[in-house]
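Enquirer: Shown below is the structure under consideration.
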Amino acid sequence: MTTAQVKEIFTSIQGEGHLVGYTQLFIRFCRCDFNCKICDIDYKPDATTDTYTANSLAERLKSYDNHNIHSICLTGGEPLMEAPFLKEFLRNITLPVYLETNAAMPEALEEIINMIKYVSASIKLPSVCGCEDCFDKHAEFLRICKRARKNMYMKVPFNENVTDEEIDKCVELAKENDIEIVLQPVTHNGKIVVPNRYLPEVLERFRKKYWHVRLIPQVHKILSVR
Ligand code: SF4
């Protein structure tokens, strides 16, 4: 029987991307395959972290009133690290499922794609995250989503370091899959840390190459909710 460590479960307002403003039930998993230098998410396990089986997590969710909840948000960390667990767990779930992911684990996605409705695919720019170039993995990931006709968008966390080459690669991915790009300025301790003048400038650099681009900051941080 597979298990997964869950850092926290809570209801809140989705603060990012194309479903911004909807109430979701968030399940935050504890592992990630990236180590982004901009990461300010507290996802690692601590003394209060619980380990669940698929059944015990489904049982735990029964204590929430589903009527006001738009969808379940799988987040982390990287929820696809728990793909074998999710394959069992999602069979018991009736609410629509929203996956927040770094979009770099296409094989794991294949395992559960049929049980997901919405995908928030975070594109990792080496100049911003300090990671390796993983555009090939992103491309494969988005192809799977497109083939399965998922409701998805590309989230691109950015700061003033984003390069023209990275913008070209993002635009190529978006065009290939006919999806929206949501630019998200990097925050730290709840505050946007990208100097103000770069916000319209980076948006304009994307917009010159692709029409379907919006800039949306992390609204939950502005609202001071989780
Ligand atoms: S992928 Fe997300 S959770 Fe993982 S280290 Fe990067 S920002 Fe943090």
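The values are calculated or read from the model by the stated rules, or taken from the named source; none is laboratory data. Quantities reported herein were computed from a predicted structural model and do not represent experimental measurements. Neighbour counts are summed over all protein chains in view; Cβ atoms, including those assigned to glycine, are modelled from backbone coordinates with ideal geometry.
Enquirer: Criterion first (under 22 Å from Pro217 (Cβ atoms), surrounded by 20 or more Cβ atoms within 10 Å (Cβ to Cβ) and within 16 Å of the ligand (Cβ to nearest atom)) does Cys36 satisfy it?
Expert: Details: under 22 Å from Pro217 (Cβ atoms): yes; surrounded by 20 or more Cβ atoms within 10 Å (Cβ to Cβ): no; within 16 Å of the ligand (Cβ to nearest atom): yes.
So Cys36 fails the test.
Enquirer: Could I ask something else about it? Only one residue in Pro126, Pro96, Pro45 is of a type outside the set (Gly, Ala, Ser), surrounded by fewer than 21 Cβ atoms within 10 Å (Cβ to Cβ), more than 10 Å from the ligand (Cβ to nearest atom) and within 22 Å of Glu166 (Cα to Cα). Which one? First the steps, then the outcome.
Expert: Working: Pro96 fails: within 22 Å of Glu166 (Cα to Cα); Pro45 fails: within 22 Å of Glu166 (Cα to Cα).
Being of a type outside the set (Gly, Ala, Ser), surrounded by fewer than 21 Cβ atoms within 10 Å (Cβ to Cβ), more than 10 Å from the ligand (Cβ to nearest atom) and within 22 Å of Glu166 (Cα to Cα) holds for just one of Pro126, Pro96, Pro45, which is Pro126.
Enquirer: Among the listed residues Leu25, Leu90, Leu61, Leu57, identify the single one that is touching a Cys at 6+ places or on another chain (Cβ under 8 Å), over 27 Å from Ala174 (Cα atoms) and more than 16 Å from the ligand (Cβ to nearest atom).
Expert: After ruling out the rest, the residue left standing is Leu25.
Enquirer: Then there's this: What pairs come out if I take residues in segment 197-226 that are assigned to a helix (DSSP H, G or I) and pair them with residues that are among the acidic types (Asp, Glu) whose C-beta lies under 6 Å away, six or more apart or interchain?
Expert: Short answer, once both residue conditions are applied: Tyr198/Glu160.
Enquirer: Now for a separate question. Just the residues that are away from the ligand (no atom under 16 Å from the Cβ), more than 22 Å from Leu86 (Cβ to Cβ) and out of contact with any Phe, Trp or Tyr (no Cβ under 6 Å at 6 or more places or on another chain), please, taken from segment 129-161.
Expert: Asp136, Ala139 - these are the residues of segment 129-161 that are away from the ligand (no atom under 16 Å from the Cβ), more than 22 Å from Leu86 (Cβ to Cβ) and out of contact with any Phe, Trp or Tyr (no Cβ under 6 Å at 6 or more places or on another chain).
Enquirer: Within the set of pairs 6+ apart or on separate chains, which have a first residue in segment 15-33 that is on the phi > 0 side of the Ramachandran plot, a second that is within 14 Å of the ligand (Cβ to nearest atom) and at pLDDT 95 or above, and C-beta atoms under 9 Å apart?
Expert: Matching pairs, first to second residue: Gly17/Glu100; Gly17/Ser120; Gly17/Lys155; Gly17/Gln184.
Enquirer: Look at Glu16 and say whether it is closer than 22 Å to Ile222 by Cα and of a type in the set (D, E, K, R). Explain how you work it out, then say what you get.
Expert: Numbers: closer than 22 Å to Ile222 by Cα: yes; of a type in the set (D, E, K, R): yes.
When the stated conditions are applied, Glu16 passes them.
Enquirer: Restricting attention to segment 161-188, report how many residues are without any contact (Cβ under 8 Å) to a residue 40 or more places away in the chain, closer than 14 Å to Pro126 by Cα and of a type outside the set (S, T, N, Q).
Expert: Kept after step one, since they are without any contact (Cβ under 8 Å) to a residue 40 or more places away in the chain, are these residues of segment 161-188: 161, 163, 165, 169, 171-172, 174-179, 181, 183, 185.
When the remaining residues are screened for being closer than 14 Å to Pro126 by Cα, the result is 161, 163, 165, 169.
Keeping just the survivors that are of a type outside the set (S, T, N, Q) gives 165, 169.
Residues flagged as without any contact (Cβ under 8 Å) to a residue 40 or more places away in the chain, closer than 14 Å to Pro126 by Cα and of a type outside the set (S, T, N, Q) within segment 161-188 amount to 2.
Enquirer: While we're looking at this one, here's another question. What number of residues in segment 77-126 are more than 14 Å from Lys150 (Cα to Cα), among the β-branched types (Val, Ile, Thr) and more than 11 Å from the chain's Cα centre (by Cα)?
Expert: Total meeting the criteria: 2.
Enquirer: Only one of Tyr52, Tyr43 is under 14 Å from the mean Cα position of the chain (by Cα) and hydroxyl-bearing (Ser, Thr, Tyr); which?
Expert: Details: Tyr52 fails: under 14 Å from the mean Cα position of the chain (by Cα).
Of the residues listed, the single one that is under 14 Å from the mean Cα position of the chain (by Cα) and hydroxyl-bearing (Ser, Thr, Tyr) is Tyr43.
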